[in-house]
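Right, one structure below, let's go through it.
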Amino acid sequence: MAIHPSARIAIPMPRPITAASPAKLLLAAALLAGLLAALLLAAVLTFRTLQATSRQTAVAVAVSVAAAPDYAPDAPAAAQRLGAAVRLRTVAQDDRRGERDVAALAPYAELHALLQRSFPTAHRLLEREVVNGASLLYTWRGSDPSLAPAMLLAHQDVVPVAPGTQGEWQQEPFSGMLADGFLWGRGAWDDKGNLMAMLEAVEALAAADYRPRRTLYLGFGHDEETGGAQGAQQIAALLRARKVHLAYVLDEGLLVTEGIIPGVAAPVALVGTAEKGYLTMAVHAQAQAGHSSMPPERTAIGALSRALVRLEAARPPPRLQGVPRQMLETLAPEMPWPKRLLFANLWLFAPLVGSELDKSPSGRATLRTTVAPTILQAGEKENVLPGHAEAQVNFRLLPGDTIEQVVERSRQAIDDADIRLDVGAQAWNPSPVSSVEDPAYRQLAQAIRETFADAVVAPGLMLGATDSRRYEDLAAQVYRFTPVRAGPQDLARFHGSNERISVANYAEMIRFYHRLIELSTAN
């Protein structure tokens with residue numbers, strides 16, 4: 001085709017390149033960096049989560065002691081013996097003089113006689129001492145005195161049945177009744193179940209001609225429920241005077257929980273590796289006494305109320321560290337996503353996890369030093385202003401806190417020079433944290449895993465107080481564990497109505513102590 005000479009051909013020209021603004025370049029770089037950081041974080045979180053493999057297999061094979069032929073106790077006969085012990089009313093008495101009369105000690109003498117009749121071989125082979133009138137110390141001498149002894153603790157006393165609650169019991173509180181597959185009565189769980197199960201295990205081993213290499217002590221105090229000053233403290237003083245140093249102590253404590261730990265389908269056997277401290281503080285407020293028709297600007301009750309409000313408002317923040325953190329990290333591999341992701345990466349998610357745990361009473365108690373006003377005393381007549389008002393405030397101290405710190409923190413929170421604070425006689429700091437790497441813990445974990453085959457073992461923090469604190473300077477390690485299966489509905493039975501233990505679970509308790517004694521005393 002010919003092109004006419006006058007025709008114009010339009011040739012498109014490229015647009016000129018214009019430089020992007022510095023702000024846009026910085027935004028693009030920031031977005032790219034953020035994307036890369038997010039991808040890297042996701043990779044790190046995923047890697048750490050996948051690396052969080054179960055720690056349970058390692059615990060179960062950590063001790064090289066060959067298991068003896070499977071031991072099966074005569075559960076019905078053992079339950080009958082436990083029932084006989086429950087029927088003896090060794091009820092704790094809060095005697096502030098630290099004394100007990102002969103009548104109060106009589107049930108303990110009956111219990112001691114029952115133990116001698118029930119476990120004749122153990123009483124023939126073990127040395128038995130009555131300490132301070134009612135506590136018991138048994139010694140099973142080992143063949144190798146170079147090995148530090150092990151010690152198992154339990155207590156003979158039980159809490160009373162709360163007035164007015166007798167009608168709530170399905171069986172009489174001290175009947176020791178066997179019904180519906182359970183042994184019912186006060187002490188079946190706390191703590192005669194432990195005491196009798198230990199002696200059942202010792203009796204079976206002694207009857208089978210078992211000879212321990214390591215010495216084993218059994219310490220059974222008679223006033224744990226009122227502080228242990230007349231029982232465990234006296235046993236510990238006796239051992240201290242004899243310059244005994246223990247490899248480990250095992251006392252009552254945390255449980256084999258079922259359906260209590262969210263996100264873990266298997267039962268969780270929590271071993272208390274530490275115990276919270278205890279402090280009761282009296283808060284005193286003084287003011288002008290007089291007629292209520294002409295109140296002064298400051299009243300004793302008003303000043304005390306303000307002090308208590310400030311104390312509760314200034315409670316320490318939650319701390320997901322130490323034993324609670326170790327517990328969650330141990331349980332992380334047993335959890336489904338996304339809980340596993342969260343608990344395997346507490347370096348990042350600890351504030352979020354801690355905030356969630358802090359929403360429940362048990363979670364708060366695990367993460368905080370708790371503050372709880374428990375007793376108020378003020379006034380005698382409705383139209384008279386009291387010159388003095390007083391409150392008792394109970395604190396349970398998280399490991400890492402001290403009595404001195406709590407008192408000073410309380411003083412600063414109240415910020416009132418006219419408020420006086422007095423520390424009660426019953427006060428102690430939190431326990432040291434015992435090791436999960438020690439052979440004693442591994443033996444304990446193995447005995448748990450062999451007895452409760454479906455359970456996951458993890459360290460935990462004991463919220464209440466036990467006799468074990470009396471032995472802290474005598475033992476390299478102190479652990480707190482009760483081999484009782486407990487679901488959410490069972491927790492109210494602890495010091496409550498309808499205390500009971502299933503016969504099947506009681507057989508497990510005996511088997512647990514049987515195996516633990518083998519593992520602990522064989523080498």
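Size check on the range 277-428: the Cα extents along the three principal axes, sorted descending, read 65, 29, 23 Å. Between L40 and M294, with labels modelled 7 Å along Cα→Cβ, what's the label distance in nm to one decimal, could you check? It is 7.6 nm. Over all other residues within a Cβ to Cβ distance under 15 Å of P432, the charged ones net out to -3, with Lys and Arg as +1 and Asp and Glu as -1. With the convex hull of its Cα atoms as the shape, the range 476-523 has an orientation-averaged projected area of 4.6 nm².
Note on L352 and A72: the model spin-label points, each 7 Å out from Cα along the C-beta direction, lie 5.0 nm apart. A cut-off of 5 Å between modelled amide H atoms, ignoring neighbours fewer than 5 places along the same chain, links H495 with no other residue.
FRET efficiency for A207 and Q426, Cβ-Cβ distance as r, R0 = 56 Å, nearest 0.05? Result of the calculation: an efficiency of 0.85.
Fewest to most neighbouring Cβ within 10 Å: what's the order for T451, T139? List each step's numbers first, then the result.
Working: T451 21, T139 18.
Going from sparsest to densest Cβ surroundings: T139, T451.
Of the GluC sites (Glu not before Pro) in the range 368-461, the ones in a loop by DSSP (not H, G, I, E or B) with at most 11 other beta carbons within 10 Å are E380, E382, E437. When +1 charges are put on Lys and Arg Cβ atoms and -1 charges on Asp and Glu Cβ atoms, the dipole computed for the chain relative to its Cα centre reaches about 1860 debye. The residue among P336, M294, N429 whose Cα reaches farthest toward the positive pole of the charge dipole of the chain, with charges on the beta-carbon of Lys, Arg, Asp and Glu, is P336.
Computed over the chain, the per-residue total of -39500 (n - 2.57) for DSSP H runs of n ≥ 4 gives a 222 nm mean residue ellipticity of -11500 deg cm²/dmol, rounded to 500.
Restrict the search to the range 283-375; then list the trypsin sites (Lys or Arg not before Pro) that DSSP places in a loop and that have at most 11 other Cβ atoms within 10 Å of their Cβ.
Values: sites: R298, R306, R310, R319, R325, K339, R340, K359, R364, R368; in loops: R298, R319, K359, R368.
Within the range 283-375, the qualifying trypsin sites (Lys or Arg not before Pro) (loop, at most 11 other Cβ atoms within 10 Å) are K359.
Assuming charge only on the beta carbon of Lys and Arg (+1) and of Asp and Glu (-1), the dipole of the range 277-428 about its Cα centre is about 480 debye to the nearest 20. Per residue, the convex hull spanned by the alpha carbons of the chain comes to 305 Å³. In this rough spin-label picture, where each label sits 7 Å from Cα along the Cβ direction, the A29-S305 distance is 6.2 nm. Simple rule: put +1 on each Lys or Arg Cβ and -1 on each Asp or Glu Cβ in the chain, find the dipole, and look at F349, A282, A372; the Cα lying farthest toward the positive end is F349. Think of the chain as a dipole: +1 on every Lys or Arg Cβ, -1 on every Asp or Glu Cβ, centred on the Cα centre; then among V271, S135, G34, G34 lies furthest on the positive end.
None of the figures in this text is laboratory data; all of them are computed from the coordinates on show. Just so it is clear, the model here is predicted, and its values are computed rather than measured. For neighbour counting, all protein chains shown are included, and Cβ atoms are generated from backbone atoms with ideal geometry for every residue, glycine included.
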